[in-house]
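The values are calculated or read from the model by the stated rules, or taken from the named source; none is laboratory data. Just so it is clear, the structure is predicted and the values come from calculations on it, not from any experiment. Please note: Cβ atoms are built from the backbone with ideal geometry, for glycine as well, and neighbour counts cover all protein chains shown.
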Amino acid sequence: MTATPAPPVLTVEDLTVVYEVDEPVTAVRNAGLTLHRGEILGLAGESGCGKTTLAYAVNRLHRPPARIASGRITFHDRSGEDVDLLALDDRELRAFRWDKLSMVFQGAMNALNPVGTVRAQLRDTLLAHRPRMSRKEVQGRSEEVLRRVGVDPRRLGSYPHELSGGMRQRVMIAMAMLLEPQIMIMDEPTTALDVVVQRDILREIVRLRDELDFAVVFITHDLPLLLEISDRIAVMLDGEIVELDTAAGLYRDAKHPYTRKLLGSFPSLSGERGAFIRTGVDQTAGAPTEERA
Ligand SMILES: Nc1ncnc2c1ncn2[C@@H]1O[C@H](COP(=O)(O)OP(=O)(O)OP(=O)(O)O)[C@@H](O)[C@H]1O
Ligand SMILES: [Mg+2]
């Protein structure tokens, strides 16, 4: 991070999300964070601490029994306009999602429609938001996003079952980039993949961020990985954000005992960290090669 952070693109204040079941669960409690333009913010914490619930609430994708009990979520548009996300109606929300903020869901590898080709799924999302795009423009944009994530555009005609897990995941990331959103929330986008594919994809996300300047909220319980790719990291424990610092600051000088415990639970963190992906980015700064994974 530079000394002067970029302006904010998203502010979450005092957010509380409750699952209204027999014994209500407060899955997110008074959470606050600011996401800056173009930054990669890691969100770490053990299973069940509320990461996905937080991401869904920010995207207004939470469904009953989940309820936002309190808080404010503000999107600071590039145009200078501030949007109160909790005040949007359904139509406004549909226009907002994918366009300004997109999400790659946990288990997204299986989120593609099995009976639609990649082309059809990219086209449907594009046309829902840009109804006046010509067929040629739709084809051009679809090819471009696939190329950006390292998938051969010839795959446009493929069905999801014809793609490897890594490729399906890349297609989901391509879908999330399709409308050039200002924020991408990625919920465990790579945990189901093997380590090499995971690294490749992460490297690409960092590179794309460098090129296209969107902000990323990257959710995982893999703290070593977050330390490598994130500008800042928020640590969640039992629904609360207990620490938020730069990756370097957190690594050097974690304040919260839980963060220290988390750091201590990864033996790999005792050695040199962080060189791999960031160096990798520099080395792969050109066009992505086709058809990895
Ligand atoms: N539909 C639901 N009804 C009741 N409780 C729920 C529901 N969904 C989630 N929870 C509870 O909310 C808490 C937070 O869950 P959440 O899925 O947000 O955690 P997470 O940090 O994303 O976990 P993971 O790392 O396993 O994905 C957990 O205690 C979970 O049991
Ligand atoms: Mg989750």
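Could you look through the range 182-199, keep only residues that are more than 16 Å from ligand 1 (Cβ to nearest atom) and at pLDDT 90 or above, and pick out the one that is farthest from Gly38 (Cα to Cα)?
Filtering first and then ranking leaves Met184.
From Leu146, Leu179, Leu202, grab the single residue that is in contact with a strand residue (DSSP E or B) (Cβ under 8 Å, 6 or more places away or on another chain) and within 25 Å of Gly38 (Cβ to Cβ).
Selected residue: Leu179, the only one of Leu146, Leu179, Leu202 that is in contact with a strand residue (DSSP E or B) (Cβ under 8 Å, 6 or more places away or on another chain) and within 25 Å of Gly38 (Cβ to Cβ).
Can you list the strands (runs of 3 or more DSSP E) found entirely within the range 29-103 that contain at least 1 residues being in contact (Cβ under 8 Å) with a residue 60 or more places away in the chain, touching a helix residue (DSSP H, G or I) at 6+ places or on another chain (Cβ under 8 Å) and among the hydroxyl-bearing types (Ser, Thr, Tyr)?
66-76
Got a number for residues in the range 105-149 being under 30 Å from Lys51 (Cα atoms), of a type in the set (A, V, I, L, M, F, W, C) and part of a loop (DSSP other than H, G, I, E, B)?
4
Please go through the range 54-73 and pick out each residue that is buried (at least 23 other Cβ atoms within 10 Å of the Cβ) and either more than 15 Å from ligand 1 (Cβ to nearest atom) or of a type in the set (Val, Ile, Thr) (or both).
Result: Val58, single match.
Let me spell it out: the conditions are (1) more than 13 Å from ligand 1 (Cβ to nearest atom); (2) polar (S, T, N, Q); (3) surrounded by 18 or more Cβ atoms within 10 Å (Cβ to Cβ), and Ser79 meets all of them except one. Which number is the exception?
So Ser79 meets the others, but not (3).
Going by the structure shown, is Leu179 over 13 Å from the mean Cα position of the chain (by Cα) and part of a loop (DSSP other than H, G, I, E, B)?
yes
Residues are listed down the side, and each one gets a yes or a no for (1) modelled with pLDDT of 95 or more; (2) surrounded by fewer than 15 Cβ atoms within 10 Å (Cβ to Cβ):
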| position | (1), (2) |
| --- | --- |
| Lys100 | yes, no |
| Met109 | no, no |
| Leu112 | no, no |
| Leu127 | yes, yes |
| Arg168 | no, no |
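Go over the candidates Glu46, Glu13, Glu39 one by one and state the one that is among the acidic types (Asp, Glu), closer than 19 Å to Met186 by Cα and away from ligand 1 (no atom under 16 Å from the Cβ).
Glu39
If you scan the range 182-192, which residues turn out to be surrounded by fewer than 20 Cβ atoms within 10 Å (Cβ to Cβ) and either assigned to a helix (DSSP H, G or I) or out of contact with any strand residue (DSSP E or B) (no Cβ under 8 Å at 6 or more places or on another chain) (or both)?
Result: Thr191, Ala192.
Kindly indicate which of Ile185, Ile173 is within 16 Å of ligand 2 (Cβ to nearest atom), within 27 Å of Glu137 (Cβ to Cβ) and not hydroxyl-bearing (Ser, Thr, Tyr).
Exactly one of Ile185, Ile173 is within 16 Å of ligand 2 (Cβ to nearest atom), within 27 Å of Glu137 (Cβ to Cβ) and not hydroxyl-bearing (Ser, Thr, Tyr), namely Ile185.
Give the range 99-133 a look and list any residue that's over 24 Å from Val83 (Cβ atoms) and of a type in the set (Ser, Thr, Tyr), or say none.
Result: Thr117, single match.
Among the residues of the range 6-28, which ones are of a type outside the set (Asp, Glu), more than 20 Å from the chain's Cα centre (by Cα) and outside any strand (DSSP E or B)?
Within the range 6-28, Val21, Pro24 meet the criteria.
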